[in-house]
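A.B. asks: Just passing along the structure, written as structure tokens.
The values are calculated or read from the model by the stated rules, or taken from the named source; none is laboratory data. Note that this is a predicted model, so its numbers are computed, not measured. Every residue, glycine among them, receives a Cβ derived from its backbone with ideal geometry; neighbour counts consider all protein chains shown.
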Amino acid sequence: MQGTLRKSRQNPNEPTPIRGRPDPPDSLTPEARAVWPGLCDILDGIGVLTRADVFALHGLAEAYADMVEARQLCQDGQRGHGRYSDADRRFLAYLRVFGLTPADRSKVSVVTEPKRNKFADLIEMPSHDD
């Protein structure tokens, strides 16, 4: 089954954020801060990371860190199953936002750099009129 692209379903004013790696927020836990660079590598590598994604990336990093911590509690025989289940659910939701599951990958568009006018450099060249 394939969809049909219709102008009525397109947003001509859709914002196009600048591609790049957002700086980690100060509010990140140490565990989430530790996974931030790796997540940025993955997301930037597939072309879906922009500087505007800082809040979604924050959620992804924290959910992953919570999931790892809760899993460790379960393995140590402590109560952590509910916490693990919640973190796993949040982590999966953020994976879907970034298209990091096989089923969701086709729903996410890759951010490309804005195309530059080939003649823009000629217009912006400094004048040599001294």
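A.B. asks: Could you pull out the residue among ARG89, ARG96, ARG71 that is assigned to a helix (DSSP H, G or I), modelled with pLDDT of 90 or more, basic (Lys, Arg) and loosely packed, with under 14 Cβ neighbours inside 10 Å?
C.D. replies: Answer to the selection: ARG89.
A.B. asks: Okay, next question. What are the residues in the range 32-64 that are buried (at least 18 other Cβ atoms within 10 Å of the Cβ), hydrophobic (A, V, I, L, M, F, W, C), at pLDDT 95 or above and closer than 16 Å to LEU100 by Cβ, if any?
C.D. replies: Of everything in the range 32-64, those that are buried (at least 18 other Cβ atoms within 10 Å of the Cβ), hydrophobic (A, V, I, L, M, F, W, C), at pLDDT 95 or above and closer than 16 Å to LEU100 by Cβ turn out to be TRP36, LEU39, CYS40, LEU57, LEU60, ALA61, ALA63.
A.B. asks: Another question about this same structure. Would you check if GLY59 is part of a helix (DSSP H, G or I) and closer than 20 Å to ARG19 by Cβ?
C.D. replies: Criteria met by GLY59.
A.B. asks: Next up: From the set of residues in the range 4-31 that are among the hydrophobic types (A, V, I, L, M, F, W, C) and under 18 Å from the mean Cα position of the chain (by Cα), which is modelled with the lowest pLDDT?
C.D. replies: The qualifying residue modelled with the lowest pLDDT is ILE18.
A.B. asks: Among the numbered conditions (1) surrounded by fewer than 13 Cβ atoms within 10 Å (Cβ to Cβ); (2) in contact (Cβ under 8 Å) with a residue 12 or more places away in the chain; (3) outside any loop (DSSP other than H, G, I, E, B), tell me where SER27 comes up short.
C.D. replies: Answer for SER27: the failing condition is (3).
A.B. asks: Follow-up. Taking THR112 as meeting all but one of (1) at pLDDT below 90; (2) of a type in the set (S, T, N, Q); (3) surrounded by 12 or more Cβ atoms within 10 Å (Cβ to Cβ), write down the number of the exception.
C.D. replies: Of everything listed in (1) at pLDDT below 90; (2) of a type in the set (S, T, N, Q); (3) surrounded by 12 or more Cβ atoms within 10 Å (Cβ to Cβ), THR112 misses just condition (3).
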